[in-house]
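Trainee: Okay, here's the structure, questions in a sec.
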Amino acid sequence: MEIPKTITNTMMKKRFRLSEFLAEKLITATAFISFAFIVLIFVFVFRETLPIFSAPEPAVSLEELGEQETYGDIVLSDAERAAEEKEKTKVAAEEGVTVENLAGDRWQPISGKPKYGLLPLIVGSLKISLISIFFAAPIAILAALFTAAFAPRWAKETLKPAIEILAGFPSVVIGFFALVVLATFVQDIFGLEYRLNAFVGGLALSLAVIPIIYTISEDAISAIPKSLTEASLALGATKWQTALKVILPAATPGIFAAILLGVGRAFGETMIVLMATGNAALLSANPFEPVRTMSATIGAEMAEVVFGETHYNVLFLIGSILFLFTFTLNAIAEIFIRQRLMKKFRGS
Amino acid sequence: MTKKKLLGGFVYGTTAFFAFIIIAAVVIVMTNIVAGGWSSLTKDFLLGSPEEGMTKGGIFPAIVGTFLLVMIMSIAGVPIGTMTAIYLSEYASQKSIFARLIRFAVNTLAGVPAIVFGLFGLGFFIQFIGTRVDGVLYNNGELHWGQPNILWASLTMALLTLPVVIVSVEEAIKTVPRELREASLALGATKWQTIRKVVIPNSITGILTGAILAVSRGAGEVAPILFTGAAYFLPHLPSGLSDQFMELGYHIYIMATQSPDVEATRGIQYATTLVLLILTFTLNFSAIFLRYKLRKRIIT
Amino acid sequence: MYSHSYKTLQPTDVRIKTEHLNIYYGKKQAIKDVSLDMFTHRVTALIGPSGCGKSTYLRSLNRMNDLIENSRTEGNVLLDGVNIYDKQVDVVELRKKVGMIFQKSNPFPKSIFENVAYGPRINGMNDKKKLEDIVERSLKQAALWEEVKDDLAKSGLSLSGGQQQRLCIARALAVDPEILLMDEPASALDPIATAKIEELIYELKNTYTIVIVTHNMQQAARVSDYTGFFYMGELIEFDETKKIFTMPAKKQTEDYITGRFG
Ligand SMILES: Nc1ncnc2c1ncn2[C@@H]1O[C@H](COP(=O)(O)OP(=O)(O)O)[C@@H](O)[C@H]1O
Ligand SMILES: [Mg+2]
């Protein structure tokens, strides 16, 4: 028989383990990066819009401008520079971006008298989003209902990969397809004047939105407790009655969240609209006219502008609006999804 | 009774029809791209450079550029994403405010439009960091880091794909049975030893899946690199991190919308699109396959 | 209370002592004021109906409950007089001294060799020869050596249920513990495999102090020297096994062992 040793306090004494300590600190610090970058995105996207709002006091913004612009090849002599600044002051004083200018209905950033009216761009984005949701929502939601309530196995097993493939299409591929094929097709059918227009863009965009709405709706539908549907079936309701009267209402918050997230995606999408909408900043309600969205405006013009110009700052302003809008939508959607989870927890 | 049946048939038919529309759309787009690009997809096309103002020749620089982009992106993003996932699933107490803050950040990152990432890359990486680095290193007004280049484009893309990695790795870590963790801890292993020897080896598939999904996403996004590093045309491959680069998605966009004779280069456009599609497809399918294997493990 | 030098333990020495132990999961109390002494070189069996807190109690002895986010423990657990819930105690060191075998065998998805070598390896042992020795010794102790000695490179998961459980025992023994906690180690096994495990427990008590949870009363009667009966989080009765099964002092105990409930 072996002689067991007693356990002693010294044996059990707490130890400091360096690798353990470092690993925990490093991992925690790394996790913080995501948060840090969210803050940085907020700060840096908004920061670049600030000069717009300080434009009425040209001294501040112009000093910044002047300083930053010296990095170019041409180094201006002091005299020249003073002259140019004076010139700019004049321009800024006359046409500096006022709220009035931003609220205008013309987007003409490259002209003698630049106009930065955001209205057509905002309306453009809304129009495109609306059109895409108009197509995507019914298709995706009903397809999700089909998967959950009726579909035979083989149909499910065809649909699910199809959705995954669709979700995996790079948006530039959808944009290309819309530009080359869809646009001509739509033009021929409706006999349209413009090949590229809001309708084509929205239709193409719906291809990118469908997977989001489908996935989240399907998730919401399959989260409905089996007991609920079974109770309905047991009461003699048919499958379709159960689907419409039990499943759909119970999944409403989730489906609503799905639509919100779909809108967010549509609103922020760039490449598809950049390629398929014609990009004319017209303020019109006609879906068959070309349109220019906020995202497409940034995408098309940012590479051309000079750093620090008013135009540059206004593009950042558009980005900020885009960011805030999608952020709000996502937050609201999250609340709806949570509520559903809460309900699930409470067991109703 | 018959009316009820009729209605039932109608509901069934309608929902089935909409499901069919999705499948049809996928088939149509794919068929069109394959049919349009197949004949131009030659070895010379894949391995050659653009010629005669990009109206002829191949897309080799764009393939290399895309490859470099996703490589640098992964090197930056995958370790950070993996560690964040480890933090969330192994270290964080679910109730802690810090953990909730990180979750909130990851969700928010996932919802930021791609183009806004581009703006951030420009405002932060290029204008804020890059110009300062140039100021310190060169001090003569030369631009190296304070201009769009492959490093900043890749880092911007890494940020965009970070949530993809985090979510996927976390999902994989969750499939590591609690029993294995307990076995390790009960043997007197520390938390970090348990993570290193049990959790990570058993979620390697998931980490790989996350990386692949991120690469696929990164290869397909164009908006974030529009003004952070992608170039219209370059006569030679990037030779350093401060060089610009050509990229497949950007190349498609440029060729389809900006080239002087859009019709003449249709074949090149289609073939490039097909290449990008094949690339993202292969990646997505390997990810789906890996995930499928992972799920099977949970059941058994 | 403080012991700084090793001493020889007698079978009559108390090895594990719990004093007024209360364990909560959130608001729910799973263990209610349990005080209990367990002796060196003896097998103590914990019996009781499912959900009565046997596992919870057992897991408090190597602080595995710490891993459950909403659990809370009050009272003392003393091992050789050392309070393991003291702030100064290192949980990792504690678990090296108090091994645990789980209800569901849980070998790592690694080779048999690597499973057993896991503990020594995390303690920094890398010498191949020494590792081989430990693996062989532990597998022999767990009565598995003869069955697996020719394919130690085979996955631990390829073994049968009973073999897997003995592999887990070998893995725990390789760390050189003093105390072994077993949570229904044979509940998922067939009678032959169960008999092997019981035989093994009988062997092991020469070297270790063993606490075993079981819902199988015959098993408790066969392998243990002492038995504690738990009911709804309370320790109803604790005594020599013989006594518990022949003339229990409490009505509840009698009802349980005669199969009138649970
Ligand atoms: N992780 C946990 N969280 C909340 N309650 C738990 C948890 N584990 C066990 N319990 C509860 O504590 C009580 C005792 O459980 P347990 O110790 O597992 O019982 P036994 O092993 O005797 O079957 C049970 O009522 C059980 O539901
Ligand atoms: Mg139990």
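Trainee: What GluC sites (Glu not before Pro) in segment C:23-125 are in a loop by DSSP, with at most 13 other Cβ atoms within 10 Å of the Cβ?
Mentor: Loop-located and lightly packed - C:69.
Trainee: Give, in nm to one decimal, the length gained when the segment between residue A:103 and residue A:324 is fully stretched (0.36 nm per residue of separation minus the Cα-Cα distance).
Mentor: Contour length minus Cα-Cα distance gives 77.8 nm.
Trainee: In whole Hz, with x marking every Gly and Pro, tabulate ³J(HN,Hα) for segment B:115-129 from phi via Karplus 6.51 cos²θ - 1.76 cosθ + 1.60, θ = phi - 60°.
Mentor: 5, 5, 4, x, 4, 5, x, 5, x, 9, 5, 7, 6, 8, 7
Trainee: Normalise the Cα radius of gyration of segment A:5-53 by 2.2 N^0.38 Å (N = residues in it) and let me know the number.
Mentor: Scaled against compact globular proteins, the figure is 2.34.
Trainee: Over the Cα atoms of the protein assembly as shown, Rg to Rh with Kirkwood Rh, two decimal places?
Mentor: For the protein assembly as shown, the value is 1.07.
Trainee: Amide H neighbours of residue A:280 under 5 Å, counting only residues 5+ apart in sequence or on other chains, H built in-plane at 1.01 Å?
Mentor: A:291, A:292
Trainee: Given C-alpha coordinates of chain C, what is the ratio Rg to Rh with the Kirkwood estimate of Rh?
Mentor: Taking Rg over the Kirkwood Rh, I get 0.97.
Trainee: Sticking with this one: Return the distance in nm (one decimal) between the two label points of a simple spin-label model at residue A:16 and residue A:160, each offset 7 Å from Cα along Cα→Cβ.
Mentor: 5.3 nm
Trainee: Now, a different point. Calculate the radius of gyration of the Cα atoms of chain B to one decimal place, then report Dmax, the largest Cα-Cα distance, as a whole number, both in Å.
Mentor: Over chain B's Cα set, Rg and Dmax evaluate to 23.5, 87 Å.
Trainee: Filter A:245/B:5; B:197/C:128; A:160/B:293; A:14/C:96; C:196/C:251 down to the pairs with a C-alpha to C-alpha distance above 22 Å, please.
Mentor: Distance filter (> 22 Å) returns C:196/C:251.
Trainee: On to the next question. In nm², what is the average projected area of the convex hull enclosing the Cα atoms of segment A:119-346?
Mentor: The orientation-averaged projected area of the Cα hull of segment A:119-346 comes to 14.5 nm².
Trainee: While we're on this one: I'd like the FRET efficiency for residue A:39 and residue B:27, computed as 1/(1 + (r/R0)^6) with the beta carbon distance as r and R0 of 60 Å, rounded to 0.05.
Mentor: Between residue A:39 and residue B:27 the formula returns 0.85.
Trainee: How big is the accessible area of residue C:251 in square angstrom, nearest 10, if you roll a 1.4 angstrom probe over the protein chains?
Mentor: Accessible area of residue C:251: about 130 Å².
Trainee: Right, here's the next one. Where in chain B lies the longest segment free of GluC sites (Glu not before Pro) that are both loop residues by DSSP (not H, G, I, E, B) and have at most 13 other Cβ atoms within 10 Å?
Mentor: For GluC sites (Glu not before Pro) (loop position, at most 13 other Cβ atoms within 10 Å), the longest site-free span of chain B is B:143-262.
Trainee: What nm distance separates the two modelled labels at residue B:264 and residue B:285, each placed 7 Å from Cα along Cα→Cβ?
Mentor: That separation, rounded to one decimal, is 3.6 nm.
Trainee: Viscosity 1.306 mPa s, temperature 10 °C: give me the Stokes-Einstein translational D for segment C:90-203 in µm²/s, with Rh taken as the Kirkwood radius over C-alpha pairs. Walk me through the numbers on the way to the answer.
Mentor: Values: Rh = 14.0 Å.
Answer, rounded: 114 µm²/s.
Trainee: Estimate for me the total accessible surface buried between chains B and C (protein heavy atoms, probe 1.4 Å, no ligands or nucleic acids), in Å² to the nearest 100. Before the final figure, lay out each step's value.
Mentor: Details: alone 16830 and 13280 Å², together 28320 Å².
Accessible area lost upon association: around 1800 Å².
Trainee: So in the protein assembly as shown, what percent of DSSP beta bridges are antiparallel if you round to the nearest 5? Can you show the working numbers first?
Mentor: Working: 30 of 49 bridges.
That works out to approximately 60 percent antiparallel.
Trainee: If exposed means no more than 13 neighbouring beta carbons inside 10 Å and the site is in a DSSP loop, what's the longest run of chain C without any exposed chymotrypsin sites (Phe, Trp or Tyr not before Pro)?
Mentor: Within chain C, the longest run free of exposed chymotrypsin sites (Phe, Trp or Tyr not before Pro) spans C:3-260.
Trainee: Which value, in Å², gives the accessible area per residue of chain C when a 1.4 Å probe is used on the protein heavy atoms?
Mentor: Each residue of chain C exposes 44 Å² on average to a 1.4 Å probe.
Trainee: Quick one: dipole size for chain C, taken about the Cα centre, charges +1 on Lys/Arg Cβ and -1 on Asp/Glu Cβ, in debye to the nearest 20. Display every interim value, and only then the final one.
Mentor: Working: 35 positive and 35 negative charges, 63 e Å.
That gives chain C a dipole magnitude of about 300 debye.
Trainee: If amide hydrogens are placed 1.01 Å from N in the peptide plane, which non-local residues have theirs closer than 5 Å to the one on residue B:145?
Mentor: HN-HN under 5 Å from residue B:145: B:134.
Trainee: Whose amide H sits under 5 Å from the amide H of residue C:230, counting only residues 5 or more places off or on another chain, with H placed in the peptide plane?
Mentor: C:47, C:48, C:236
Trainee: Would you be so kind as to identify which of B:230, B:193, B:211 lies farthest towards the positive end of the dipole of segment B:174-235, taking Lys and Arg as +1 and Asp and Glu as -1 on Cβ and the Cα centre as origin?
Mentor: With unit charges placed on the Cβ atoms, the residue in question is B:193.
Trainee: Please state the charge dipole magnitude for segment A:119-346, taken about the Cα centre, from unit charges on C-beta atoms (+1 on K and R, -1 on D and E), reported in debye and rounded to the nearest 20.
Mentor: 1120 debye
Trainee: Per residue, how big is the convex hull around the C-alpha atoms of segment A:89-186? Give it to me in cubic angstrom, could you?
Mentor: Value for segment A:89-186: 164 Å³ per residue.
Trainee: Would you mind checking the radius of gyration and Dmax of segment B:230-280 based on alpha-carbon positions, in Å?
Mentor: Computed over the Cα atoms of segment B:230-280, radius of gyration and Dmax are 11.9, 35 Å.
Trainee: Here's something else I'd like to know. Set the Förster radius R0 to 35 Å, insert the Cβ-Cβ distance between residue C:28 and residue B:204 as r into 1/(1 + (r/R0)^6), and round the FRET efficiency to 0.05.
Mentor: My answer for the efficiency is 0.40.
Trainee: Got a sec to turn the phi values of segment B:228-244 into Karplus ³J(HN,Hα) couplings, 6.51 cos²θ - 1.76 cosθ + 1.60 with θ = phi - 60°, whole Hz, x for Gly and Pro?
Mentor: These are the phi-based 3J(HN,Hα) values: 10, x, 6, 10, 4, 8, 10, x, 9, 6, x, 10, x, 5, 9, 8, 7 Hz.
Trainee: With θ taken as phi - 60° and the coefficients 6.51, -1.76 and 1.60, list the Karplus ³J(HN,Hα) couplings across segment A:148-163 in order, rounded to whole Hz; mark glycine and proline as x.
Mentor: Listing the rounded values in order: 7, 9, 10, 4, x, 3, 4, 5, 4, 6, 8, 5, 4, x, 4, 5 Hz.
Trainee: Just add up the charged neighbours of residue B:285: K/R +1, D/E -1, any other residue whose Cβ is under 14 Å from the Cβ of residue B:285.
Mentor: Working: positive: A:160, B:291, B:293; negative: A:164.
With Lys, Arg at +1 and Asp, Glu at -1, the neighbours total +2.
Trainee: Looking at chain B, do any whole DSSP H helices span at least 15 angstrom along their long axis by alpha carbon and average -0.5 or above on Kyte-Doolittle, and which?
Mentor: B:2-37, B:60-86, B:97-111, B:150-174, B:204-220, B:266-299
Trainee: In whole percent, and with a 1.4 Å probe on the protein chains, what portion of the accessible area of the protein assembly as shown is carbon and sulfur?
Mentor: Numbers: 24870 of 40470 Å².
C and S fraction of accessible area: 61 percent.
Trainee: Per residue of the protein assembly as shown, what 222 nm ellipticity follows from adding -39500 (n - 2.57) for every DSSP H run with n ≥ 4, rounded to the nearest 500? It would help to have the intermediate numbers written out before the result.
Mentor: Working: 39 runs with 522 residues, N = 910.
Here the helix-only value at 222 nm equals -18500 deg cm²/dmol.
Trainee: Right, another one. If you average 1/r over every pair of different alpha-carbon atoms in segment B:188-262 and take one over that average, what Kirkwood value in Å do you get?
Mentor: 15.7 Å
Trainee: How much FRET efficiency would the formula 1/(1 + (r/R0)^6) give for residue C:218 and residue B:104, where r is the Cβ-Cβ distance and R0 is 51 Å, rounded to 0.05?
Mentor: Working: r = 55 Å, r/R0 = 1.08.
Approximately 0.40, to the nearest 0.05.
Trainee: Something else about it: Taking +1 at the Cβ of each Lys and Arg and -1 at the Cβ of each Asp and Glu, which of A:288, A:315, A:233 sits farthest along the dipole of segment A:119-346 towards its positive end, judged by Cα position relative to the Cα centre?
Mentor: Going by the Cα projections, it comes out as A:233.
Trainee: Treat each spin label as a single point 7 Å out from the Cα along the C-beta direction, and report the residue A:234 to residue C:132 distance in nm.
Mentor: A separation of 6.5 nm, rounded to one decimal place.
Trainee: How much accessible area per residue does segment B:41-299 have, in Å², with a 1.4 Å probe?
Mentor: 38 Å²
Trainee: Summing both sides, how much accessible area is buried between A and B? Use a 1.4 Å probe and give Å² to the nearest 100.
Mentor: Chain pair A/B: roughly 6800 Å² of buried accessible area.
Trainee: Mind listing P(r) for segment B:48-197? All alpha-carbon pairs, 10 Å bins, whole percents.
Mentor: 10, 26, 27, 21, 11, 5, 1
Trainee: With charges only on Cβ, +1 for K and R and -1 for D and E, what is the dipole size of segment C:38-152 about its Cα centre, in debye, rounded to 20?
Mentor: 180 debye
Trainee: Please say if segment C:165-262 is rounded, prolate or oblate, where rounded means a/c under 1.5 for a ≥ b ≥ c the square roots of the C-alpha gyration tensor eigenvalues, and otherwise the choice is prolate for a/b larger than b/c and oblate otherwise?
Mentor: Because a/c hits 1.5 or more and a/b exceeds b/c, segment C:165-262 counts as prolate.
Trainee: Could I ask something else about it? Hey, could you get me the Stokes-Einstein D for segment A:245-319, Kirkwood radius over alpha-carbon pairs, 37 °C and 0.692 mPa s, rounded to whole µm² s⁻¹?
Mentor: 223 µm²/s
The values are calculated or read from the model by the stated rules, or taken from the named source; none is laboratory data. Keep in mind it's a predicted model, so treat the numbers as computed, not measured. Positions of Cβ are generated from backbone atoms using ideal geometry, with glycine treated the same way; all protein chains shown enter the neighbour counts. Areas reflect the complete protein model, heavy atoms only, side chains present, ligands, DNA and RNA absent. Shrake-Rupley method; radii C 1.70, N 1.55, O 1.52, S 1.80 Å.
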